[in-house]
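For reference, the structure discussed in these notes is given below.
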Amino acid sequence: MRVYILLLVLAVALGAYVVEAKSNTTVSPVSDGAVTKVLGIFTVKKDPGVLKKQVANAIGDSWKNYSVLVSDLNSGFSMGINEHEVFSAASVNKLPIMAVLYDQSQHGAVNFDQIITLQAVDIQDYGTGSIRYDPPGSTYSVKTLVRLMMQKSDNTAAFLLGNYVVDLANIQSIINSWGMTQTDMINNQTSNADMELLLSKIVRGNVANPSATSEMLGFMHDSDFEDRLPVLVPKDAVVYHKVGSGETGEVHDVGVVVHGNTRYYVGILTTNVPDPDAAAKLIARVSKVIYDFMD
């Protein structure tokens, strides 16, 4: 009997302790979506509002129409400014062409060794790229065209791929199935939200196998246009990205930055900028502000 009473007393005391411990628990007011950094025994959660203010201050009144989106690929952290606004995509829409090519190659519908012959009517005599200076009858493998489209932003290469290898209607159907509802391949429009979805899918290996994913990222890392997102971040940070420049003042760069365990999407889209060179330099400065916050 005494043993029973003793056990009963102990159970009541333990229950009181548990209730008291729960009552003293402090719940953090910071949302679960914030990025965390561990400093010693303390965990610091990042506030997207702070980054938004820093980005807005850096841009000031230099741009009237712009979009910025930052998304940590290791957590739920995200900071967006006009991230669903639709812009003329310029050469940023070469990213969906590449992604669908690699997606279709996984299903045997695209052969990267296929040879494409250039015709006079195929030449896109504007903007960037060198194929437009090649004579009709010149031949290229599909893989070569992809490399030229991404590394040199070759417009003729993109035209050949989007008309003779995977047509734009097929590309549109596939990217729509991926959730990219704000990207219009025919009218060359997209949004930051769609580009984040696409690049996250590529980087996470959800478009192609590891070898093909590595190849895509290689084309995005080694380009002729490194004066925007990558230029001011540390040299040991890797930036996989695609620029775009349009006739009505579009100056874009979207990509993924990787440095150690840090991995985030960053997209900066602008339109109607009066000075494209100044806009490119401002994109570089904003990219550095974002890097300093995220790393």
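The values are calculated or read from the model by the stated rules, or taken from the named source; none is laboratory data. Just so it is clear, the structure is predicted and the values come from calculations on it, not from any experiment. Every residue, glycine as well, gets a Cβ built from its backbone with ideal geometry; the counts of neighbours run over all protein chains shown.
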*asked:* Conditions first: (1) β-branched (Val, Ile, Thr); (2) under 19 Å from Ile175 (Cβ atoms); (3) in contact with a Pro (Cβ under 9 Å, 6 or more places away or on another chain). Val238 passes all but one, so which condition is the exception?
replied: (2)
_Some residue of the stretch 189-210 being closer than 22 Å to Thr128 by Cα, touching a residue at least 40 places away in the same chain (Cβ under 8 Å) and surrounded by fewer than 19 Cβ atoms within 10 Å (Cβ to Cβ)_ = yes
*Report yes if Asn57 is modelled with pLDDT of 95 or more, surrounded by fewer than 18 Cβ atoms within 10 Å (Cβ to Cβ) and not in a loop (DSSP other than H, G, I, E, B), otherwise no.*
yes
*Can you name the condition, by its number, that Val243 falls short on among (1) closer than 21 Å to Ser75 by Cβ; (2) crowded, with 23+ Cβ neighbours inside 10 Å; (3) not hydroxyl-bearing (Ser, Thr, Tyr)?*
(1)
_Matching residues, the stretch 102-148, being aliphatic (A, V, I, L, M), without any contact (Cβ under 8 Å) to a residue 60 or more places away in the chain and not in a loop (DSSP other than H, G, I, E, B)_ = Ile115, Ile116, Ala120, Val121, Ile131, Val142, Leu145, Leu148
